[in-house]
1. Quick one: in the stretch B:337-366, of everything that is modelled with pLDDT under 60 and assigned to a loop (DSSP other than H, G, I, E, B), which residue is farthest from B:Ser77 (Cα to Cα)?
2. Within the stretch C:187-207, can one find any residue that is closer than 20 Å to B:Arg218 by Cα, surrounded by fewer than 19 Cβ atoms within 10 Å (Cβ to Cβ) and without any contact (Cβ under 8 Å) to a residue 40 or more places away in the chain?
3. State yes or no: is C:Ser125 hydroxyl-bearing (Ser, Thr, Tyr) and either under 30 Å from A:Leu237 (Cα atoms) or within 13 Å of chain A (Cβ to nearest Cβ) (or both)?
4. On the given criteria, is B:Ile308 in the same structural domain as B:Leu340 (by TED's automatic domain parsing) and under 25 Å from B:Pro464 (Cβ atoms)?
5. Looking at the stretch C:47-59, can you tell me whether even one residue there is within 7 Å of chain B (Cβ to nearest Cβ), more than 20 Å from the chain's Cα centre (by Cα) and not in a helix (DSSP H, G or I)?
6. Take A:Glu58 and decide whether it is modelled with pLDDT of 85 or more, acidic (Asp, Glu) and more than 27 Å from the chain's Cα centre (by Cα).
7. Could you tell me which numbered condition C:Ala81 fails, if it satisfies all but one of (1) without any contact (Cβ under 8 Å) to a residue 40 or more places away in the chain; (2) among the small types (Gly, Ala, Ser); (3) buried (at least 17 other Cβ atoms within 10 Å of the Cβ)?
8. Determine whether A:Arg226 is in a helix (DSSP H, G or I) and loosely packed, with under 15 Cβ neighbours inside 10 Å.
Amino acid sequence: MNCKPLFLFACVVLAASAARGQDAADFFRQNCVSCHTVGGGRLTGPDLKNVTQRQSREWLIEFIMNPQAVINRGDPYAQKLLQEARGVVMPPISGMTRERAEALLALLDAESQLPKSQFVGLQMSDRPFTPNDVALGRAIFLGERPLANGGPACLSCHTVKAVAPLGGGRLGPDLTRVYERLQGRKNLGAWLVAPATPVMATTFKQHALQPEEILPLVAFFEDAARQGGQDDSAARLNFFLLGLGGAALALVAMDAVWRRRFRSVRRALVENARRLAR
Amino acid sequence: MNVRSQVAMVFHLDKCIGCHTCSIACKNIWTDRKGTEYMWWNNVETKPGAGFPTQWENQDKYNGGWEVGNGKLKLKSTSKEKTVFNIFHNPHMPTMDDYYEPWTYDYQHLFNAPEGPDQPTARPISMITGELIQIESGPNWDDDLGGSPIYAQNDPNLKGLTPEQQAQLFAVERLVFFYFPRICNHCLNPACVAACPSGALYKRGEDGIVLVDQNRCRGWRACIAACPYKKMFYNWNTGKSEKCILCFPRLEAGQAPACFHSCVGRIRYLGNVLYDASRIEEVAKLPDEELVEGQRSLILDPHDPEVIHEARRNGIHDSVIETAQRSPVYKFVKVWKIALPPHIEYRTLPMLFYVPPMAPVMANRSDDVVNGVSDDLFHDIEQSRVPMKFLANLFGAGHESKVRYALRKQKAVRWYRRALTVGDVEMSTAERMLREADSSPEEAEAIYRLTSLCTFEERFVIPPMHREEAIQMLEDPLEHKQSVGFGFMMAPRRGM
Amino acid sequence: MNTAFYLDQFLFAVLPYVVAIAFIPATVYRYRARGFTYSSLSSQFLENQQHFWGLVPFHYGILVVTLGHLVAFFLPQQLLAWNSRPLRLYVLEISGLIFGVLSLVGLAAAVMRRLTHGKVYRVTSGPDWVLFALLLLQIASGIGVAVFHPWGSSWFASTVTPYLWSLVKLNPDLTAISASPLLVKLHIVNAYLVIGLFPFTRLVHILVIPNPYLWRKPQVVRWYGRQHA
C-alpha cells in the first residue's frame, strides 16, 4: 500500500474543520435570519441594526463565536439578551471563525446604513388565518402536500398531538406548542424562513420553505397550540407492539412455510422403536 | 454424439466378505483430519439395514436426487429459486446425529488414574467437544444385523415386500444378509454438482471424477441434501463439503484407488468406459423401468470404428480408447449385463455398478433337506431367502427383470463350471441353463475368469490420465520459483 | 464543547475513512491470499432445530432492514415521496420494525444456541463472539432508534443520507449528525465498527453469495487439458 490514501485522508480531515469560502451575506441568510432582522424589529433574537454601536466589536465577536460560553461566565449584557429572548440561547453556528465573525460585523455595519436592508425580514401578511390555511398547513405538515423545494415533511421528525394515529417523528421537538414558545406568528414565520438548529439547517439549506408554505404552517401551529390535544405517548407503545405482533406473525409464517423441514431420522427411528417396545 | 471417457466401477457383491478393509484404507489416507472424523467416503453396509446415514435411501425424508415433472428433470431438494430462500437453513440437510458423533477413548486415564480398588477404564469421549459421551450410533452400527430389529427392519428397500416375505427375511433360523460397500458413484448426472450454488463442484471432463473445489466451496450445503446416496459430507471444522475423490492422485500415477487396492475379497473392478454425453439428460428422464437399459445405451462400444472416430475428434487419446476396450466394467455392464446401477431411480446415472448377490443361496431347500439339484433349474433364485423384490428395489428401480437376468446368468455360469470341474451335473443341463440365461459356454468361461481368477491388471485397467498434456504443464515452473508454489499449498485452516 | 467537537470529528469524519481504508484492502487480501477461509461456516450440520429459529429470522430480518438503509441512501427522494402519506409511512415503518425485531429475535436465538449447545460452542471463535456482541448492539440500537426517534425512514433520507454522501464526496458535513440523539450516534458508530471488523470475521461470506447459480447450466465440467472450462 502506498501513502496516497493517507494523504487523501489528511486532506479530508482538514477540509472537514476548515471554513468553506462563502460570502458573508449568504452566510447570514442561511444562519441568522431565522432569529434576526436588520431593521425589521426583534424576532427570537434582537434586531441587529446598528449592533456595533451597542457593544464593542471584541465582545460581539466573542459572543458570535461561542454564545453559551459568554452566558456561562455571567456576563450581564449576555444575561439581559437571554432574558429578552425568553431563555432561548443562540445556537452555535457551524463553520464560524473569527474572520467570518468580523466579516459578518462588517456586513451588519453596511446593511445598517441602507434605508431598507435586504435582511429586513419576512413580510408575512397580517390577515387572520382561515380554516383553509389551517387545513393546508396540516397537509404540508403531514407531507400530503409536498414542499415546493423538496424538503422532507415535518412529520418525519416532529409530532403535533393528535395529528396522525401513530403520531409524528421524535427526532426533533414536539411542535404542539411551538406557536406559543416562539411568541407568535412573526417569530415563527421568521424561524421557518431559515431554520437555525443544526439538523434543520442542514436539511433545509438546500430546500428552503416558500413564503406561501410558511403562512399555512404558522396557521396550523397556531391552531394546534389552541387545540392542545391529548397526550399521545400511547402512539409510541402502539407502534412498538405492532412491530412485536408482526414479528410473531412472521415467525409463525416461517414455521408454516418450512413445516416439512428435515428434523431427525435416526433419533426419531430409535425413539419410536423404543416407545413401541415399551 | 459427444464421446467422453469415464472411470467406472463394478463391485461384485457375491465376493464381499464385509471386512471393512476398504473403509479403513480410505479413512487412513483421506479422512483422519479434524472435521472429517465422521466421514466414511467408503463404507460397507449390511443389507437389509438402515445404512449410513440412517435410512439414506428414504428420499421422502432426505429428498435427494432428481425427479421428472412436466417433462423436466428437477432436483428434489433444490432449484434456482429455492436456493435463494433456503440458503440460510437447508430444509433437507441431515445432521451429525443421523450419521454418528465421532468418538475416541480417554486412554490417558488408564495411565493417570489414581490408585483405587477398581481397574481404570477408558471411557468414550466426543471428538468434537472432548467431553464424555454416551455412544448412540456408529458408522456401521447395524453391521451384520447388529442393530436389529430397529435398524434392519427399517431398511427403505423393504418397501413393497409382503409381510410374509419380511417375516421370512428376519426369521432367526433363516436370517440372511449381504454386504453393500459404497463409495461416491461419480454419476453422469450428479445431483451434487447441479445443486452447488457456488459452482465449486465439478465433473472432470477427461475422466468423469466428481470433485469439490475447496477454494470455491462456501459451505452452502446444498450438495449434502441433493446427493441421494449421501456421499457428500460436510466438514464441520473447515465449513466446506468433501467427498470421495476416487484417489485421483493415485489414479494419475497409474495406481488403483486405495479401497480398490486393499480389497481382500477382490470384489472391485475399475476401468474407463466411453459414453455419449449428449444423451445424458434424455436418458435421465426415462420412466423408471427403462432407466437401467437407458443407461446401458449411453455406454458406447469402444471397438466401434465410428465411436473411435468420434472419441478422437473429442480429444480422447488413443491410449484411453485402448484401455476402454480392455475395461472390465464394459464387460460386466454392457456385454454380460450382470452388473446393475444402485437405485437408478434417483436418476443421477451412477457409474458404480453392482453384481447382485446370489448368496448365500446356491441350492433350494425343502423339508429341511438341502437339494443340490432341482428340475426347475432357476427355482431357487425365485425362492431365494433374499426376496427378488428386495434386490429389485436396490438395483432395478423396483423392477425385477434386470436383477433376475443377472442372477440367472450367474447361476448358469456356476452350473457350467460345476459340470466342467466336478462333473456331478450333466453338461447338457448346464448348457441348457446357459442358453436359457442368454449366455454361452464362451461367455461363461470369460465371466468365470474375470470373477474368480482375475489378476490385479485385469481388475484395474486404469486409463492414462495424461496430465503431461494439461494446460498447467504449459506454464513455466520457473515463474513460480521463490514464489508460493503451485496450486493450493496452504493448510486448509478454518476461517475466522 | 471542544471535547465533544473533536470526538464527533473523530467518530464521524475520521472513523469512517479508517474503516473504509481497512475494509477494502483487508477483504481483498484475505480473498486472494486465504480464499479458502471464505465460507458460511455453517453449523447446521451439528444442530438443526434451534438453527432454524435463529438463522432464518435473523437473515431475513437483517436483509430487509439493510435493504431499507440502502434504499434510503441511494433513493432518498423516492423514499420521501413514498412517505408523503402518513399511512404509507406507517406501513413502511411498521414493516421495518417487524424485520428489525425478527433479526434481533433470530440473532438472540442463534447466540443462545452457540452458548448452550456443546458442539456448536466448539466451533465458535473469538471473532464470532465479538461480532455477535456488536451485531446485537447494532440491531438493538436500531430498534431503539425506530421506537424512540421515529420516523427514521424519513429523517434518514433527509439528514443521514446527505451526511453519508458528504463522506463519499470526501467533504464531511457533520452538522446534522453532531446534533443527533445519542442512540442514533451509537447506531452509526457501531455500524462503522461492524464494517471495520468485516474482513476479520465470518461476515465475509456476504461477499461470496452465489449469484452465478441463477444463470449457469446445472452441470459443471472442467477440462484440465483445455483452456475453456
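The values are calculated or read from the model by the stated rules, or taken from the named source; none is laboratory data. All figures in this text were calculated on a predicted structure; none of them were measured in a lab. Positions of Cβ are generated from backbone atoms using ideal geometry, with glycine treated the same way; all protein chains shown enter the neighbour counts.
1. We begin by selecting, within the stretch B:337-366, every residue modelled with pLDDT under 60; these are B:360-366.
With assigned to a loop (DSSP other than H, G, I, E, B) added as a condition, the list becomes B:360-363.
On the way: B:Pro360: 38, B:Val361: 39, B:Met362: 42, B:Ala363: 44 Å.
Only one residue tops the list, namely B:Ala363.
2. The answer is yes; a qualifying residue exists.
3. Working: hydroxyl-bearing (Ser, Thr, Tyr): yes; either under 30 Å from A:Leu237 (Cα atoms) or within 13 Å of chain A (Cβ to nearest Cβ) (or both): no.
No, not satisfied.
4. Details: in the same structural domain as B:Leu340 (by TED's automatic domain parsing): yes; under 25 Å from B:Pro464 (Cβ atoms): yes.
Answer is yes for this residue.
5. The answer is yes, given that some residue of the stretch C:47-59 is within 7 Å of chain B (Cβ to nearest Cβ), more than 20 Å from the chain's Cα centre (by Cα) and not in a helix (DSSP H, G or I).
6. On the way: modelled with pLDDT of 85 or more: yes; acidic (Asp, Glu): yes; more than 27 Å from the chain's Cα centre (by Cα): yes.
Taking the combined requirement at face value, the residue satisfies it.
7. Tallying (1) without any contact (Cβ under 8 Å) to a residue 40 or more places away in the chain; (2) among the small types (Gly, Ala, Ser); (3) buried (at least 17 other Cβ atoms within 10 Å of the Cβ), C:Ala81 fails exactly one: (3).
8. On the way: in a helix (DSSP H, G or I): yes; loosely packed, with under 15 Cβ neighbours inside 10 Å: yes.
When the stated conditions are applied, A:Arg226 passes them.
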